[in-house]
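Down below is the structure, laid out as structure tokens.
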Amino acid sequence: MDHNIRIGIGHDTHRLEPGGPLRIGGVDIAFDFHLAGHSDADVLLHAITDAILGAASLGDIGEMFPDTDQANKGRDSADMLSRAFSKVKEAGWCIVNLDCVVLAERPKLLPHRQAICERIAEILEISPSQIGLKGKTGEKTGEIGLGKIMQAMCVCLLGSN
Ligand code: MG
């Protein structure tokens with residue numbers, strides 16, 4: 001059977017450590033903590049990268065950018081997403097829409113939502129209107145609610161070019 005749409009899911013977790021700014025969705029936000037990881041630890045862009053790669057059956061972010069490779073140390077996740085998107089495009093897909101959730105006790109995402117959507121839209125060559133982005137807290141429970149970690153989820157729909 002021949003289908004011309006594909007769905008993908010992405011999820012990621014990173015630890016919060018003292019000292020800002022916080023990079024989320026390719027945007028640096030004034031905050032007293034930052035996300036820690038081998039790359040720049042942009043939890044939202046990592047979830048989006050896995051969602052688009054997954055939808056196109058092109059593997060995952062860890063396979064494309066191994067954390068054992070020194071070239072990926074401190075790497076800009078916008079560059080990682082851009083390279084993943086190039087592979088997705090080469091395979092004949094375009095992005096129909098993304099819907100994302102960021103799970104964090106702080107900071108509030110809403111004041112930064114437009115800037116983040118515009119940055120993601122720029123990387124993926126789409127309109128901000130094709131991106132859904134929501135912030136959810138952990139209700140002060142668990143590692144999210146205690147401000148130890150942030151997580152992000154993304155679903156992506158691809159259409160054939
Ligand atoms: Mg990650």
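The values are calculated or read from the model by the stated rules, or taken from the named source; none is laboratory data. Here the structure is a predicted model, which is why all the values come from computation and not from measurement. Glycine gets a Cβ as well: all are built from the backbone with ideal geometry, and neighbour counts include every protein chain shown.
Which one of these is under 21 Å from Val155 (Cβ atoms) and within 10 Å of the ligand (Cβ to nearest atom): Leu58, Leu35, Leu45?
Just one listed residue meets the conditions, Leu45.
Which of the numbered conditions does Thr68 fail, given that it passes all the others? Conditions: (1) more than 30 Å from His3 (Cβ to Cβ); (2) modelled with pLDDT of 95 or more; (3) of a type in the set (Ser, Thr, Tyr).
Here Thr68 meets the rest and fails (2).
Specify the residue that is farthest from the chain's Cα centre (by Cα); the eligible residues are those in the range 116-161 that are among the small types (Gly, Ala, Ser) and within 24 Å of Arg15 (Cβ to Cβ). Please lay out each step first, then the result.
Going through the range 116-161, the residues among the small types (Gly, Ala, Ser) turn out to be 121, 127, 129, 132, 135, 138, 142, 145, 147, 152, 159-160.
Going one step further and asking which of them are within 24 Å of Arg15 (Cβ to Cβ), we end up with 135, 138, 142, 145, 147, 152.
Values: Gly135: 13, Gly138: 19, Gly142: 22, Gly145: 20, Gly147: 19, Ala152: 7 Å.
Here the answer is Gly142.
Among the residues of the range 61-72, which ones are more than 13 Å from the ligand (Cβ to nearest atom) and either closer than 13 Å to His14 by Cβ or not in a helix (DSSP H, G or I) (or both)?
Result: Thr68, Asp69.
Output the residue which, of all residues in the range 16-32 that are crowded, with 21+ Cβ neighbours inside 10 Å and either in a loop (DSSP other than H, G, I, E, B) or within 14 Å of the ligand (Cβ to nearest atom) (or both), is nearest to the chain's Cα centre (by Cα).
Gly25
Run down Asp76, Asp50, Asp12 and say which single residue is within 14 Å of the ligand (Cβ to nearest atom), surrounded by fewer than 21 Cβ atoms within 10 Å (Cβ to Cβ) and either touching a residue at least 60 places away in the same chain (Cβ under 8 Å) or charged (D, E, K, R) (or both).
Values: Asp50 fails: surrounded by fewer than 21 Cβ atoms within 10 Å (Cβ to Cβ); Asp12 fails: surrounded by fewer than 21 Cβ atoms within 10 Å (Cβ to Cβ).
Unique residue meeting the criteria: Asp76.
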